[in-house]
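Let me begin by presenting the structure, written as structure tokens, before commenting on it.
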Amino acid sequence: MKKILIPIDLSGASENAIDFALDVFSGFKPELLMIHVKQPNEDLEYLKTAFGQLENSKLYKTGIQYNFEITRGELLEDIQAAIDTEKPDLLVMGTTGINGSELSKALVKLTNCPLMLVPENYHWSKIKRIAYANDFKNIKDSAVLHPLMILAQKTEAKVYLLHVNRDNSVVDNAEASLEYYLEHVHHEYICITSDDIESAIMNFIKEKDIDMLAVLLRDHGKNQLSSEGRLVKELVVNSNVPVLNLV
């Protein structure tokens, strides 16, 4: 996690995303790249002043390297352009303000960068428990799990590998398919039977006091939860905890 991109609109949601990144990822000593896509009715001098206040209140004292850029294009296009140019290890965004549910859903489908979505009203102390919702099918590229692995190792968090079945069928070789990648991470396999997968995952998050949810966006394995499906998008938008979207 050497480079983190944070699109900001100077709302409470984007400031919370900055706080989250500074707190959770400070141990990685990352470079923070903050981008604001200027709207036609926004005053440039006001934006510079507002960012100066943000610097004074949150950034100067951290000792973390950071840069702030103002662009004047389309929101999604400029975010994707920044990803393509800067090649960040992670994209961190708040989930309200201009970064609302529709934008979150669009980014889930668009971005080719791991994406952390942070609810505006989420407050944390330490990441201790992470739920990784997965169907336990084989993953073709182990690199997709790298952000989850290094985050769990750095925070010493326990990872719950969560699978929700609509029947009582057993997933063949479920544990073996992920054991190789997570052998150095404290983890536990959880299987739940439910017709309502989204509710089952949300209930598990509440019951286990989960601090973060991880999902795999793209089709890296057969029948993997995909960004094209309703489930992942709804989990991203409705979760009360940060969601790490692996790609």
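Every read-out reported here was derived from the displayed coordinates using simple, explicitly stated rules and does not represent laboratory data. Keep in mind it's a predicted model, so treat the numbers as computed, not measured. Positions of Cβ are generated from backbone atoms using ideal geometry, with glycine treated the same way; all protein chains shown enter the neighbour counts.
Quick notes on this one:
- Local electrostatic count, Met212, Cβ distance below 13 Å [Lys/Arg +1, Asp/Glu -1]: +3
- Difference of contour (0.36 nm per residue) and Cα-Cα distance, Asn121 to Asp167: 13.0 nm
- Listed residue pairs exceeding 24 Å between alpha carbons, taken from Lys154/Lys208; Lys87/Lys208; Lys2/Lys233: Lys87/Lys208; Lys2/Lys233
- Of the residues Cys191, Cys113, the one with the fewest other Cβ atoms within 10 Å heads the list, and the complete ranking is Cys191, Cys113.
- Sequence of Thr71, Thr95 once ranked by neighbouring C-beta atoms within 10 Å, starting from the fewest: Thr71, Thr95
- Within the shell defined by Cβ-Cβ distances under 15 Å, the residues around Thr193 carry a net charge of -4, with Lys and Arg each +1 and Asp and Glu each -1.
- Taking 0.36 nm per residue of separation and subtracting the Cα-Cα distance, full extension of the segment from Asn240 to His146 would add 31.5 nm.
- Exposure proxy ranking for Ser194, Ser125, based on other Cβ atoms within 10 angstrom of each Cβ and starting from the fewest, stands as Ser125, Ser194.
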